[in-house]
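One structure is given here, and the rest of the page talks about it.
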Amino acid sequence: PQQSGWPAIARGEDTLIAAPTGSGKTLSAFLVSIDRIFRAETARVEAVQSGLFEESTCLPEAPVAKSVGVQVVYVSPLKALAADVKQNLEVPLQEIREVARQLGMPAPERRVGLRNDDTPSNGRATMLRNPPHLLVTTPESLYLLVTEERSRRMLRSVTTVIVDEINAVARDKRG
């Protein structure tokens, strides 16, 4: 799945990956997205260091701007799977930061947030004030995020949407 999916995903094409469970479909999408996020941060830091931009002038819409807001949304029809994916993303992100630091490269903190019907109100409020870079959610919670103005603003920076188990949601109103 990675070998076949990565080129299309990297080109920004809508991509459907169909493969057996445990073969790396979700990882395929996330790795390209994580790579893109870290490369953008590296470009931003290099531009600031070279004097092309001052930190204060890097606006969110600028190509080398400090990344603000949610960049990747992962949608899972299963709450338990969403929680597992969040946990499974945190370890590689930490490892990438550590390797980047060892190589003397920018090692930005990239946060993963989980939003579902179990998210307490203070957690939802915190997410609005300080959005994660990668948001893991369910179809129902995504619907609420998209239909509420304050949370919709948090999603303006999204560049990638990953829908897992699309077969489970495409056939009914959840999709």
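The values are calculated or read from the model by the stated rules, or taken from the named source; none is laboratory data. Please read all numbers here as calculations on a predicted model, not as lab measurements. Positions of Cβ are backbone-derived with ideal geometry, glycine not excepted, and every protein chain shown enters the neighbour counts. Please note that ligands, DNA and RNA were not included when accessible areas were found on the heavy atoms of the full protein model with its side chains. Shrake-Rupley method; radii C 1.70, N 1.55, O 1.52, S 1.80 Å.
Packing around the peptides 69-76, 8-15, taken as the average count of other Cβ atoms within 10 Å per residue, puts them in this order, highest first: 69-76, 8-15.
Ranked by the mean number of other Cβ atoms within 10 Å per residue, highest first, peptides 86-92, 97-103 order as 86-92, 97-103. Extending 7 Å from Cα along the Cβ direction at Ala80 and again at Val146 yields two label points whose distance is 2.7 nm.
Amide H contacts of Tyr74 (H built 1.01 Å from N, in plane; Pro and chain starts excluded): Leu135, Val136, Thr137, Ile162 sit under 5 Å, all sequence-distant by 5 or more or on other chains.
Expressed as a whole number of Å, what is the distance separating the alpha-carbon centroids of segment 96-122 and segment 22-45? That distance is 12 Å. A cut-off under 12 angstrom between Cβ atoms defines the neighbours of Tyr143, and their net charge, with Lys, Arg +1 and Asp, Glu -1, is +1.
Heavy-atom surface analysis with a 1.4 Å probe gives the chain a carbon and sulfur content of 55 percent of its accessible area. Legend: calculated FRET efficiency, Leu103 to Gln2, from the Cβ-Cβ distance at R0 = 25 Å, rounded to 0.05, equals 0.65. Calculated [222 nm] ellipticity per residue, helices only, for the chain: -15500 deg cm²/dmol; basis is -39500 (n - 2.57) per DSSP H run with n ≥ 4, divided by all residues, nearest 500.
Solvent-accessible area per residue in the chain equals 60 Å², computed with a 1.4 angstrom probe and all protein chains kept. Applying the Karplus relation 6.51 cos²θ - 1.76 cosθ + 1.60 with θ = phi - 60° to segment 17-27 yields 3J(HN,Hα) values of 10, 10, 7, x, 4, x, 8, x, 4, 5, 4 Hz, where x marks Gly and Pro.
Peptide packing for 107-113, 143-149 was compared via the average number of neighbouring C-beta atoms within 10 Å per residue; ordered from the highest value, the list is 107-113, 143-149.
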